[in-house]
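Here's the structure, in structure tokens; my notes come after.
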Amino acid sequence: MNRGYFITFEGGDGSGKSTQIRILMDRLRESGYDVVLTREPGGTEISEKIREIILDPANSDMDDMTEALLYAAARAQLVSQLIKPALEEGKVVICDRFVDSSIAYQGFGRGLGDAVGVINTYAVDGCMPDLTILLKLDPARGSSRIAGREHDRIEQASDGFHRKVYEGYLELEAKYPERILGIDASGTIEEIAEEIARRVGAIMK
Ligand code: TYD
């Protein structure tokens, strides 16, 4: 199937994803891998436009299903335009968030349930990650880490919402243990980076 390697990062807001993504990307490049880094929602011109609509705090009356469909639409474009072609060329693709975010945020957080998985079957079109790194941090700690910066529409949601998102991630971790590597994100940057490197190294041999 995939000739390259597809790694996604997941976690609540403030879990330290960006730092770990940068460390892993640098390591893989130093080891000679051709790495493509992208993010969701976004990563292509069309998907970035959809991102602006989704995250704009002015769109406070957006319907939950509209939100779920927009995330899926941004994803469909990213998969077909960037992720699939890069994997076919044998590259390593690292994506900051992917379909598990939709299951956790829209399925569990917004309460849309199984509909989110169904919609995303079409968006993902068979292109699932080889490995998903889930940075687990209690949502109360995550929100205190992002307290100083301006919040987008999703970050503005209630603590109860972020608690449900977190519980959704834990369910996903239990359901797909072979794909999802859950890591305690309260450890040091170095400890977490080592654990990620170990797991990635084991699979990419
Ligand atoms: P972003 O600024 O990229 O957040 P982060 O740095 O935390 O990754 O904004 C993305 C927001 O969108 C984030 O709050 C999570 C949310 N999201 C969903 O609700 N569903 C999704 O499918 C995706 C990809 C993201």
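The values are calculated or read from the model by the stated rules, or taken from the named source; none is laboratory data. In this text, all values refer to a predicted model and were calculated from it rather than measured experimentally. No Cβ is skipped: glycine too gets one built from the backbone with ideal geometry, and neighbour counts run over all protein chains shown.
Summary of values
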item: Answer from Gly4, Gly16 - the residue that is surrounded by 17 or more Cβ atoms within 10 Å (Cβ to Cβ), touching a residue at least 60 places away in the same chain (Cβ under 8 Å), more than 9 Å from the ligand (Cβ to nearest atom) and at positive phi; result: Gly16
item: One residue from Ser80, Ser47 being farther than 22 Å from Phe108 by Cβ and within 13 Å of the ligand (Cβ to nearest atom); result: Ser47
item: Residue selected from the stretch 19-30 under the condition surrounded by 13 or more Cβ atoms within 10 Å (Cβ to Cβ) and without any contact (Cβ under 8 Å) to a residue 60 or more places away in the chain, by the criterion nearest to Glu194 (Cα to Cα); result: Arg22
item: All positions within the stretch 2-57 that are modelled with pLDDT of 95 or more, closer than 22 Å to Leu181 by Cα and among the acidic types (Asp, Glu); result: Glu10, Asp26, Glu40
item: Hey, Gln106 touching a residue at least 24 places away in the same chain (Cβ under 8 Å), polar (S, T, N, Q), within 12 Å of the ligand (Cβ to nearest atom) and not in a loop (DSSP other than H, G, I, E, B) or not; result: yes
item: Evaluation of Gln106 against (1) more than 15 Å from the chain's Cα centre (by Cα); (2) surrounded by 24 or more Cβ atoms within 10 Å (Cβ to Cβ) (one fails), failing number; result: (1)
item: Flag for Leu70 being aliphatic (A, V, I, L, M) and more than 12 Å from the ligand (Cβ to nearest atom); result: no
item: Residues that are in a loop (DSSP other than H, G, I, E, B) and in contact (Cβ under 8 Å) with a residue 12 or more places away in the chain, drawn from the stretch 149-181; result: His151, Asp152, Arg153, Ile154, Glu155, Gln156, Ala157, Tyr176, Arg179
item: Filter result for the condition that a residue is under 16 Å from the mean Cα position of the chain (by Cα), near the ligand (Cβ under 8 Å from one of its atoms), charged (D, E, K, R) and buried (at least 24 other Cβ atoms within 10 Å of the Cβ), over Arg75, Arg97; result: Arg75
item: In the stretch 34-44, residue farthest from the ligand (Cβ to nearest atom) [restricted to those that are part of a loop (DSSP other than H, G, I, E, B) and free of Cβ contacts under 8 Å to residues at least 60 places away in the same chain]; result: Asp34
item: Unmet criterion (only one of (1) within 15 Å of the ligand (Cβ to nearest atom); (2) over 21 Å from Ala76 (Cβ atoms); (3) of a type outside the set (Asp, Glu); (4) buried (at least 17 other Cβ atoms within 10 Å of the Cβ)) for Ile183; result: (1)
item: Number of positions in the stretch 182-205 that are over 24 Å from Met128 (Cβ atoms), free of Cβ contacts under 8 Å to residues at least 12 places away in the same chain and not in a helix (DSSP H, G or I); result: 2
